[in-house]
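Only one structure is covered here, and it is reproduced in the block below.
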Amino acid sequence: MDIMQKLEILTDSAKYDAACTSSGSDRSPVAGKLGGTCAPGICHSFSADGRCISLLKVLQSNVCMYDCQYCVNRRSNDVPRASFTPRELADLTIGMYRRNYIEGLFLSSGVSGTPDHAMEEMIRTIRILREEYGFRGYIHAKAIPGCSPEAVELLGRLVDRMSVNIELPSEQGLKTFAPAKTKQNILAPMRHIRDGITQSKEELAVYRHVPKFVPAGQSTQMIVGATPDTDRQILRLTEGLYKQYGLKRVFFSAYIPVGTHALLPKNTPPPLLREHRLYQTDWLLRFYGFSVDEIVDEEHPSLDPFLDPKCAWALRHPEYFPVEINRADKETLLHVPGIGVKSALRILRARRVGALRPEDLKKLGVVVKRAKFFVTCNGRRLPDAIDDPVIVYRHLAELSRPELKKAASPMEQLTLFPTPNLPTGEDVMACLTGQL
Amino acid sequence: MSDRTALMFDGSFDGLLTAIFEAYTQRPMPAEIIEPDSQQHLGMVYRNVRTDAAKAARVRRGIRTQMGGEAYDNAWKAFLSQHPERGTFIYRYVRLGFQIKQQLVRSLTDERVITVNKLASLVAREASHLLQFVRLGETETGVYYSEITPTYPVLPLIMPHFVHRLNTQAFVIYDKTHKQAGLYNGRQWVLTDADNAQPPAYTAEERQYRQLWKTFYDTVAITERINPKLRQQFMPKKYWRNMVEMTETPTAHPALGE
């Protein structure tokens, strides 16, 4: 089989993984060595689905002994199989890097034989890159569930980022669809990576030249919409992973019906809007100082499809508003719809020179059509700010879903807006969260 | 009514900095600083300024020490926007800066600051797009070659990035729009005017890599999520003509039987 066919098969097998960022590592280039990384990462292309292409995302091999029902590479699925030799894949990575196609390699693998055997092949590839080519670009590798701590330790010294996929947001889901994987053998390598990172930081405080362990941190991904888990369960799990496992990123992947198991959804479009709302919430957790309990609770376990989560939060918390632009601290500003991280920083900067007026907000990059309902400038409300929460809700919903504007009558418009879809009782399913 | 005066510089950044230096020697200070291509106004008296490296250096140092490196960067990037009124815009920005010093970069609601920042951010955006979308190809001489057609002449902003990370290979990035080339020989880089770059002869391996990259690009997209609008939002169409994955003819997909 030629390299073109292998590339096609092993890309097709890897494409459902959501993570493709090259961020979190800042390794300046060195004369005589190829490559470097920069902290925010670089997206080198965007595929027809609008997703970023930053790394060469392939599997070492898609031969797999597992039969995970949600996975396109499951043993029982009839797809062509292939494996890269470490040399082939290392050369391919270097060739693409030299042409500025990619920031580096994102490597995972199916499991043929033992998990450690799969890890060994990946490690051989990455060693050629790092040791033979002196490659200083970005490498993200998956730790295979069930692999040994020694393999994690070895791989962790070679890569920038490591990840172990949670796969499904609940233990029940795993039992049903991935009987060979358990919560334990997913969480164990995550713990190894976490502890390795902590230890590496301590070492670095003492010795300057030890190789860093997973300097860009660890990430994970879970599939959304294959199991009946609620947004709240998913988000609490996410928060737990950030807090207790020190993860850098949690990725969500809208389930694409690739499986045939009776309990999996079939012929459904991927829940892209839901995935989008989860990512918006994830940003609120990581950069805006929100906690999950502020955004979803037992009574409202689902994110509002019609509103972004910050607007939805703001409408439920009128007591928080209006926020005074000239006095509020950073975190308070970040809670205002229409104010992002950049515009909050600009507000803090600009008001050191002089008091800000309503007409200044637009110049600072504030999205005034959202923010106008929630702020004052030296006590002055903004022009056409409205207090009636129902009307504000409609305005904000139209901004995030312009198609709603087309609805014929105001009555029809009103009925379009949901009372959020609440499941009658909390799902019995025990979310992994509670136990983390 | 007495005639107002304006200074005219030669179109170089040092020329503009020299003109700013000269402006401070005149009373009243000139209203505008323009360049040969700019529109001239009736009733305005124009005086040519001869570029002087020493004077330019003093203004450069003055901006950096009194207003900060960020202010200097903004002025430099705004200059690269080639806006017909860039001279006057930057002159007003710098004048304000000599009055309010470090407060300049915080005065985000002042029109003079907004104007310069806006131009600077257009240029910075183009530069960061090119760090993403430049594609290099290996030629028969062993030198890697890339052609770009940016709106702004951003080679001085992007060359250092590529020189650092690709320091083990010689390469040329040719800006076809502005007839400029960034040349790196494996040790140092220079910026040079180049009327016409030779159409490169690519290696056989290069042709193979273009096909491999195209195959990867087409395969990695998820059919159920196709979203051309989203793609175009992140990757503006104007860059496509120089990108392998957007110009290469797709290969057949024998491996997947499609």
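Odds and ends about this structure:
- Qualifying residue in the stretch A:25-47 (condition: assigned to a strand (DSSP E or B) and under 30 Å from A:ALA180 (Cα atoms)): no
- The sole residue among A:ASP2, A:ASP12, A:ASP49 that is acidic (Asp, Glu), surrounded by fewer than 21 Cβ atoms within 10 Å (Cβ to Cβ), in the same structural domain as A:PHE106 (by TED's automatic domain parsing) and under 24 Å from the mean Cα position of the chain (by Cα) is A:ASP49.
- Residue match in the stretch B:150-167 (condition: touching a residue at least 40 places away in the same chain (Cβ under 8 Å) and within 12 Å of another protein chain (Cβ to nearest Cβ)): no
- Apart from one condition, A:ALA180 fits all of (1) under 24 Å from the mean Cα position of the chain (by Cα); (2) among the hydrophobic types (A, V, I, L, M, F, W, C); (3) under 29 Å from A:GLY259 (Cα atoms); the exception is (1).
- Criterion (β-branched (Val, Ile, Thr), touching a residue at least 60 places away in the same chain (Cβ under 8 Å) and in the same structural domain as A:ARG316 (by TED's automatic domain parsing)) met by exactly one of A:VAL367, A:VAL392: A:VAL392
- Among the residues of the stretch A:247-272, none is identified as within 11 Å of chain B (Cβ to nearest Cβ) and of a type in the set (D, E, K, R).
- Candidate set from the stretch A:78-93 (those that are buried (at least 18 other Cβ atoms within 10 Å of the Cβ) and within 14 Å of chain B (Cβ to nearest Cβ)); member that is nearest to the chain's Cα centre (by Cα): A:THR93
- Within the stretch A:94-117, considering residues that are over 27 Å from A:GLY225 (Cβ atoms) and part of a loop (DSSP other than H, G, I, E, B), the one farthest from the other protein chains (Cβ to nearest Cβ): A:THR114
- Test: residue in the stretch B:41-56 that is under 30 Å from A:GLU359 (Cα atoms), in contact with a Phe, Trp or Tyr (Cβ under 9 Å, 6 or more places away or on another chain) and crowded, with 16+ Cβ neighbours inside 10 Å: no
- If only residues of the stretch A:158-170 that are touching a Phe, Trp or Tyr at 6+ places or on another chain (Cβ under 8 Å) and modelled with pLDDT under 95 are counted, the one that is nearest to A:CYS38 (Cα to Cα) is A:GLU167.
- Complete set of residues in the stretch A:135-155 that are more than 19 Å from the chain's Cα centre (by Cα) and over 21 Å from A:ASN185 (Cβ atoms): A:PHE135, A:ARG136, A:GLY137
- Of all residues in the stretch B:58-81, those that are of a type in the set (A, V, I, L, M) and free of Cβ contacts under 8 Å to residues at least 40 places away in the same chain total 3.
- Inclusion of B:LEU130 among residues that are surrounded by 19 or more Cβ atoms within 10 Å (Cβ to Cβ), in contact (Cβ under 8 Å) with a residue 24 or more places away in the chain, over 23 Å from B:ASP10 (Cα atoms) and in contact with a Lys or Arg (Cβ under 6 Å, 6 or more places away or on another chain) is not warranted.
- Test set (1) away from chain A (no Cβ under 14 Å); (2) part of a helix (DSSP H, G or I) - B:HIS83 fails condition number: (2)
- For B:THR141, the conditions (1) in a helix (DSSP H, G or I); (2) modelled with pLDDT under 95 all hold with the exception of (1).
- The set of residues in the stretch B:204-223 that are closer than 19 Å to A:SER253 by Cα and more than 7 Å from chain A (Cβ to nearest Cβ) contains only B:THR223.
- Here the helices (runs of 4 or more DSSP H) wholly within the stretch A:323-436 that include at least 3 residues being over 27 Å from the mean Cα position of the chain (by Cα) and modelled with pLDDT of 95 or more are A:341-350.
- Filter result for the condition that a residue is out of contact with any helix residue (DSSP H, G or I) (no Cβ under 6 Å at 6 or more places or on another chain) and more than 27 Å from A:ILE94 (Cβ to Cβ), over B:ARG241, B:ARG187, B:ARG225: B:ARG225
- Test: residue in the stretch B:181-188 that is of a type outside the set (A, V, I, L, M), away from chain A (no Cβ under 13 Å) and surrounded by 14 or more Cβ atoms within 10 Å (Cβ to Cβ): yes
- Qualifying positions in the stretch B:135-166 - closer than 15 Å to B:VAL244 by Cα and out of contact with any helix residue (DSSP H, G or I) (no Cβ under 8 Å at 6 or more places or on another chain): B:TYR145
- Being in a loop (DSSP other than H, G, I, E, B) and either more than 7 Å from chain B (Cβ to nearest Cβ) or surrounded by 23 or more Cβ atoms within 10 Å (Cβ to Cβ) (or both) is true of A:ALA18.
- Leading residue by the ranking (nearest to A:SER108 (Cα to Cα)) among those in the stretch A:1-59 that are touching a strand residue (DSSP E or B) at 6+ places or on another chain (Cβ under 8 Å) and of a type in the set (Lys, Arg): A:LYS57
- Scope the stretch A:316-354; condition more than 10 Å from chain B (Cβ to nearest Cβ), of a type in the set (A, V, I, L, M, F, W, C) and over 20 Å from A:PHE287 (Cα atoms); matching residues: A:PHE321
- Tallying residues that are surrounded by 19 or more Cβ atoms within 10 Å (Cβ to Cβ) and either among the polar types (S, T, N, Q) or touching a residue at least 60 places away in the same chain (Cβ under 8 Å) (or both) within the stretch B:93-116 yields 4.
- Some residue of the stretch B:198-221 being outside the structural domain of B:LEU80 (by TED's automatic domain parsing), touching a Lys or Arg at 6+ places or on another chain (Cβ under 6 Å) and not hydroxyl-bearing (Ser, Thr, Tyr): yes
- Total residues in the stretch B:219-248, condition free of Cβ contacts under 8 Å to residues at least 24 places away in the same chain and within 21 Å of the chain's Cα centre (by Cα): 4
- The number of residues in the stretch A:4-15 being within 7 Å of chain B (Cβ to nearest Cβ), in contact (Cβ under 8 Å) with a residue 40 or more places away in the chain and among the aliphatic types (A, V, I, L, M) comes to 2.
- Extreme residue, nearest to the other protein chains (Cβ to nearest Cβ), among residues of the stretch B:95-134 that are touching a helix residue (DSSP H, G or I) at 6+ places or on another chain (Cβ under 7 Å) and of a type in the set (Lys, Arg): B:ARG106
The values are calculated or read from the model by the stated rules, or taken from the named source; none is laboratory data. Every value quoted in this text rests on a predicted model; they were computed, and no experiment measured them. Please note: Cβ atoms are built from the backbone with ideal geometry, for glycine as well, and neighbour counts cover all protein chains shown.
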